[in-house]
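Report on the following structure.
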Amino acid sequence: MTLTSENQENLRIISVDSDRIDAAMAIQFKDDMRGQTAEGPKRVILDLTKVDFIDSSGLGAIVASMKQLDQGQKMELAGLTPNVQKVFRLTRMDTIFTLFPTLDDAVDAAHS
Amino acid sequence: MTLCKERCAETAIVRLQPDVSGIRPAVLETMHLCRQIDATLSDDTIDNIQVALSEALNNVVEHAFVHLPASEVCLCITCGPSKLCVTIVDSGAPLPEALLSDPGMPDLDVAPDALPEGGFGWSLIHTLTKDIAYQREDGINRLCLIFE
């Protein structure tokens, strides 16, 4: 599973280049995210456009990634597909994270 | 030894070893077989099967063989007039009876650094299934996830 990141002004976009985040990859995801967010820009957007499926381990890894952000850093999520949205909704994690329908929406919000 | 021989009025069987890398292929194969068995299954139901089965298998892999030698897990897919059942058959530890009732989702009304990273699985299984049935006999667990 790959994470690729792109910086724009004071923003880092981290894209998940995998169709899923599940129990088999949760620990790796969390570790890789720490590498991508540590000492980075204050605003982080996690781009989940390619992710068709997460299980509760994947959700937990996303929560863990948020908790390991630097002081003052903020992470928002973009491009949640229907399956992924459903898991966020059922667990009520959609009330915890700021979710944008598309990456463009998230980037526009960050720049406004 | 095959767990499902003669014990399951099966329409289709998927077998896997209880390690985390076996879960995804087994879930995908199950979804594929479910579609073959019942072409009228909605995308929504298939998605529910995907999540609920992944969660249940995560639990088997994590908990069922902690104190027992790992052995093959069997998924029996059976289809009735208004429901589809995926039964997880294993010879691991018994399922705690308390989990047969929905434990509810973890509380999120906590400080951000105390947000839960787990504990969602069983409540997801309950929410996404129409019903759950469990039997244990002769050291064999049969957990049936019932979908509409």
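Looking only at region A:99-112, count how many residues are farther than 22 Å from A:Ser18 by Cβ and either facing chain B (nearest Cβ under 10 Å) or part of a loop (DSSP other than H, G, I, E, B) (or both).
Looking only at region A:99-112, we keep the residues that are farther than 22 Å from A:Ser18 by Cβ, and these are A:108-112.
Applying the additional criterion that residues be either facing chain B (nearest Cβ under 10 Å) or part of a loop (DSSP other than H, G, I, E, B) (or both) yields A:112.
Residues meeting the conditions: 1.
Report yes if A:Asp105 is more than 18 Å from B:Asn58 (Cβ to Cβ) and more than 14 Å from the chain's Cα centre (by Cα), otherwise no. Working first, answer last.
Details: more than 18 Å from B:Asn58 (Cβ to Cβ): yes; more than 14 Å from the chain's Cα centre (by Cα): yes.
In short, yes.
Hey, among the residues in region B:77-129 that are in contact with a Phe, Trp or Tyr (Cβ under 7 Å, 6 or more places away or on another chain) and closer than 21 Å to B:Ile13 by Cα, which one's farthest from the other protein chains (Cβ to nearest Cβ)? Looking at the filtered set, the residue picked out is B:Lys83. Of all residues in region B:72-82, those satisfying the criterion of being farther than 18 Å from B:Pro25 by Cβ and either modelled with pLDDT of 95 or more or in a strand (DSSP E or B) (or both) are B:Thr78, B:Cys79.
Remark: pairs (first residue in region A:29-40, of a type in the set (A, V, I, L, M, F, W, C); second residue not in a helix (DSSP H, G or I); Cβ separation under 6 Å; 6+ apart in sequence or on different chains) = A:Phe29/A:Ile21.
Matching residues to (1) surrounded by 20 or more Cβ atoms within 10 Å (Cβ to Cβ); (2) within 23 Å of B:Asn59 (Cα to Cα):
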| residue | (1), (2) |
| --- | --- |
| A:Ile13 | yes, no |
| A:Asp19 | no, yes |
| A:Phe29 | yes, yes |
| A:Asp32 | no, no |
| A:Thr37 | yes, no |
| A:Gly40 | no, no |
| A:Val44 | yes, no |
| A:Phe53 | yes, yes |
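Taken together, A:Arg12, A:Arg20 contain a single residue that is within 17 Å of A:Gly72 (Cα to Cα), basic (Lys, Arg) and in contact with a strand residue (DSSP E or B) (Cβ under 9 Å, 6 or more places away or on another chain), which is A:Arg12.
Only residues that are surrounded by 14 or more Cβ atoms within 10 Å (Cβ to Cβ) and of a type in the set (Asp, Glu) were counted in region B:109-148, giving 1. Read through the list (1) assigned to a helix (DSSP H, G or I); (2) more than 10 Å from chain B (Cβ to nearest Cβ); (3) not polar (S, T, N, Q), then give the number of the only condition that A:Leu59 fails. Just one mismatch for A:Leu59, condition (2).
For region A:64-88, enumerate the residues that are out of contact with any Phe, Trp or Tyr (no Cβ under 9 Å at 6 or more places or on another chain) and more than 10 Å from chain B (Cβ to nearest Cβ).
Keep residues of region A:64-88 that are out of contact with any Phe, Trp or Tyr (no Cβ under 9 Å at 6 or more places or on another chain), which gives A:67-74, A:82, A:85-86.
Passing the criteria: A:Asp70, A:Gln71, A:Gly72, A:Gln73, A:Lys74, A:Gln85.
Taking region A:23-41 as the range and being hydrophobic (A, V, I, L, M, F, W, C) and outside any loop (DSSP other than H, G, I, E, B) as the test, the residues that pass are A:Ala26, A:Ile27, A:Phe29, A:Met33.
The values are calculated or read from the model by the stated rules, or taken from the named source; none is laboratory data. Not measured: the values here are computed from a predicted model. So basically every Cβ, Gly included, is an ideal-geometry build from the backbone, and we count neighbours across all protein chains shown.
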